[in-house]
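*Asks:* Starting off with a structure, shown below.
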Amino acid sequence: MSESTFCYWWQRHGPWVEPANQRRGGESGVQYLQVEDDGAPGLYCKRQTGHLYRSLRYPLGRPTVIREAEAYRAWQALGIPLPVLRYAGARREQGQWRALLVTEALTGFISLDQWYEQAPRAEPERHAMLHDLATILARLHTAGWQHGCLYAKHVFVNVGHGRPRVALIDLEKSRRRFRRATASWRDLDQFGRHRGAMPERDWAWFLEQYRRAWDYSTKAAASRTRVSTTSIKAPAVSPVKPPSR
């Protein structure tokens, strides 16, 4: 992307939906940007200054937006439902990094927290949503990816007619794991503690659907790579217990 494109997005502003806060040695926040086209989805712009992560490869720091954009592209290739990525870029000015990540709003979706709290949901509707979520997460984990911030507020569900569909947001803390089972149990443990209004019966049903989806995904991956499935075991999801209510 050109310098002019970065400047165009940097100069656009809107109301803060996540006010800028101090983290990682810099600032990070999210603004909502209106669009002029009728019917077009609004945009969310993550705006960062000096917000870096460090690693062996980048000991001096690298904007977290760059890593998040790389995760977006990798997850899209896996078929994980996500917001549309409109722009991602970073520039170093006067010794300080500036970075932007612009995504389209998920029109017709609400967070999992809101979905449970908005109205009573019939069991077939809840099970359809949980099956979709379990399938998506198993696909993600068997590819070696961990979400890293799997809270109910980062799982979105459509509220239109028909079968519920799920999408994931906020990939800032996502990362590849050497062991797929590590990605799995870390995300599930975190989700179990931060699943919001999801009742225990739905959590138990979700874990069973996830186990089945994991088995299917790992067997499919093993078939593609001609690796025996006997060496691939399902992650220990049963020890992940829901918090007391």
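*Asks:* Working only within the range 79-125, note down all residues that are of a type in the set (Phe, Trp, Tyr) and touching a Phe, Trp or Tyr at 6+ places or on another chain (Cβ under 6 Å). Quick ask: steps written out before the conclusion?
*Replies:* At the first step, the residues of the range 79-125 found to be of a type in the set (Phe, Trp, Tyr) are 87, 97, 109, 115-116.
The answer is TYR87, PHE109.
*Asks:* Can you find a residue in the range 92-106 that is touching a His at 6+ places or on another chain (Cβ under 8 Å), surrounded by 12 or more Cβ atoms within 10 Å (Cβ to Cβ), at positive phi and not polar (S, T, N, Q)?
*Replies:* No: zero hits.
*Asks:* If you take the residues in the range 145-165 that are out of contact with any strand residue (DSSP E or B) (no Cβ under 8 Å at 6 or more places or on another chain) and over 18 Å from ARG186 (Cβ atoms), which one is surrounded by the fewest Cβ atoms within 10 Å (Cβ to Cβ)?
*Replies:* Among residues in the range 145-165 that are out of contact with any strand residue (DSSP E or B) (no Cβ under 8 Å at 6 or more places or on another chain) and over 18 Å from ARG186 (Cβ atoms), the one surrounded by the fewest Cβ atoms within 10 Å (Cβ to Cβ) is HIS161.
*Asks:* Looking only at the range 106-137, which residues are over 28 Å from ALA183 (Cβ atoms), in contact (Cβ under 8 Å) with a residue 60 or more places away in the chain and part of a loop (DSSP other than H, G, I, E, B)?
*Replies:* Scanning the range 106-137 gives a single hit, THR107.
*Asks:* Would you please name the residue that is modelled with the lowest pLDDT, looking only at residues in the range 29-46 that are surrounded by 12 or more Cβ atoms within 10 Å (Cβ to Cβ), outside any strand (DSSP E or B) and touching a Gly at 6+ places or on another chain (Cβ under 9 Å)? Please lay out each step first, then the result.
*Replies:* Of all residues in the range 29-46, those surrounded by 12 or more Cβ atoms within 10 Å (Cβ to Cβ) come to 29-33, 35, 40-46.
Still in the list and also outside any strand (DSSP E or B): 35, 40-42.
Add one more test, that the residue is touching a Gly at 6+ places or on another chain (Cβ under 9 Å), and what stays is 35, 42.
Values: VAL35: 83, GLY42: 92.
Ranking the candidates gives VAL35 first.
*Asks:* Let me ask something else about it. For the range 1-48, give me each residue that is free of Cβ contacts under 8 Å to residues at least 60 places away in the same chain, in contact with a Leu (Cβ under 7 Å, 6 or more places away or on another chain) and farther than 17 Å from ARG98 by Cα.
*Replies:* GLY14, VAL35 - these are the residues of the range 1-48 that are free of Cβ contacts under 8 Å to residues at least 60 places away in the same chain, in contact with a Leu (Cβ under 7 Å, 6 or more places away or on another chain) and farther than 17 Å from ARG98 by Cα.
*Asks:* Out of all the residues in the range 89-105, which are in contact (Cβ under 8 Å) with a residue 12 or more places away in the chain and closer than 16 Å to SER4 by Cβ?
*Replies:* Matches in the range 89-105: GLY89, ALA90, ARG91, ARG98, LEU100, VAL102.
*Asks:* Here's something else I'd like to know. Go through the range 166-219 residue by residue and tally those that are in a helix (DSSP H, G or I), more than 26 Å from PRO63 (Cβ to Cβ) and open to solvent by 30 Å² or more (accessible area, probe 1.4 Å). Outline the logic, then answer.
*Replies:* Restricting attention to the range 166-219, the residues satisfying the condition of being in a helix (DSSP H, G or I) are 180-193, 200-219.
Then keep just the ones that are more than 26 Å from PRO63 (Cβ to Cβ); that gives 180-181, 184-185, 188-189, 191-193, 200-219.
Still in the running and open to solvent by 30 Å² or more (accessible area, probe 1.4 Å): 180, 185, 189, 193, 200-201, 204-205, 208, 211-212, 215-216, 219.
Selection size over the range 166-219: 14.
*Asks:* Something else about it: Considering only residues that are assigned to a loop (DSSP other than H, G, I, E, B) and touching a Gly at 6+ places or on another chain (Cβ under 8 Å), look in the range 138-160 and name the one that is modelled with the lowest pLDDT.
*Replies:* Selected residue: GLY160.
*Asks:* Moving on to the next point. For THR135, all conditions in the list (1) in contact with a helix residue (DSSP H, G or I) (Cβ under 6 Å, 6 or more places away or on another chain); (2) open to solvent by less than 10 Å² (accessible area, probe 1.4 Å) hold save one; what is the number of the exception?
*Replies:* Only one criterion is unmet by THR135, namely (2).
*Asks:* When you scan the range 13-26, how many residues do you find that are in a loop (DSSP other than H, G, I, E, B) and open to solvent by 60 Å² or more (accessible area, probe 1.4 Å)?
*Replies:* Residues flagged as in a loop (DSSP other than H, G, I, E, B) and open to solvent by 60 Å² or more (accessible area, probe 1.4 Å) within the range 13-26 amount to 4.
The values are calculated or read from the model by the stated rules, or taken from the named source; none is laboratory data. Predicted, not measured: the structure shown is a model, and the values here were computed from it. So basically every Cβ, Gly included, is an ideal-geometry build from the backbone, and we count neighbours across all protein chains shown. To get the accessible areas, we keep the full protein, side chains included, count just its heavy atoms, and leave off ligands, DNA and RNA. Shrake-Rupley method; radii C 1.70, N 1.55, O 1.52, S 1.80 Å.
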